[in-house]
1. How large is the dipole of the chain about the Cα centre if only Lys and Arg carry +1 and Asp and Glu carry -1, each at its Cβ, rounded to the nearest 20 debye?
2. Residue by residue through region 51-56, which ³J(HN,Hα) values in whole Hz follow from phi under the Karplus form 6.51 cos²θ - 1.76 cosθ + 1.60 (θ = phi - 60°), with glycine and proline marked x?
3. For region 24-111, how big is Rg over Rh, using alpha carbon atoms and the Kirkwood form of Rh?
4. For the chain, calculate the relative contact order in percent as a whole number, restricting contacts to Cα pairs under 8 Å that are 6 or more residues apart.
5. Could you work out the local net charge near residue 67, counting Lys and Arg as +1, Asp and Glu as -1, over the other residues with Cβ closer than 12 Å to its Cβ?
6. For n ≥ 4 DSSP H runs only, could you compute -39500 (n - 2.57) per run for the chain, divide by its residues and tell me the 222 nm figure to the nearest 500?
7. Take peptides 47-58, 73-84 and line them up by average Cβ neighbours within 10 Å, highest first, as a rough protection proxy.
8. What residues have an amide H closer than 5 Å to that of residue 8, excluding those fewer than 5 places away on the same chain, when H is modeled at 1.01 Å from N in the peptide plane?
Amino acid sequence: MNQIDTEVPPSGTGCVECEESGSWWVHLRRCAACGHVGCCDDSLNRHATAHAQRTGHAIIQSFEPGEEWFWDFRTDRFATGPVLAPPHSHPDDQSAPGPAARVPENWAEILQSRSRTAD
Ligand SMILES: [Zn+2]
Ligand SMILES: [Zn+2]
């Protein structure tokens, strides 16, 4: 499988599945193979990882402004990669966590209680 396609643009400015379900995210990751934008593992829904597991697309790049790192799920390590099709991040004025209109006021508490449960 071609794990990196430099021609395919990102799917949008937010997590595909969170936009559909009306949820929110902490940070965004972009699939290097198909452009799917999903939420990170610090988010409630972890859609970037779910996408990789579902599709076998193993490489993501941060979709946060100013971040260029890649992550390879096959090695569970940071990686480097080519320049993907623009844009390389969500808009600068889009909040993280986001989207601003859907982030609950107690979002930090929600994430903390989730990680306590996970332990
Ligand atoms: Zn999501
Ligand atoms: Zn993908």
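We did not get these values from a lab; they are worked out from the coordinates using the rules stated. Given the structure is predicted, the values throughout are model-derived calculations rather than measurements. Neighbour counts run over all protein chains shown; Cβ positions are idealised from the backbone, glycine included.
1. Working: 9 positive and 17 negative charges, 72 e Å.
Result for the chain is approximately 340 debye, rounded to the nearest 20.
2. So the J values, rounded to whole Hz, are 4, 4, 5, 6, 9, x.
3. Values: Rg = 13.0 Å, Rh = 13.4 Å.
Across region 24-111, the Cα-based Rg/Rh ratio is 0.97.
4. Numbers: 223 pairs, mean separation 30.8, N = 119.
Relative contact order, the chain: 26 percent.
5. Within the 12 Å Cβ shell, the charges total 0.
6. -6500 deg cm²/dmol, from helical runs alone.
7. Highest to lowest by the protection proxy: 47-58, 73-84.
8. Amide H to amide H, under 5 Å and 5 or more residues apart or across chains, residue 8 pairs with 85.
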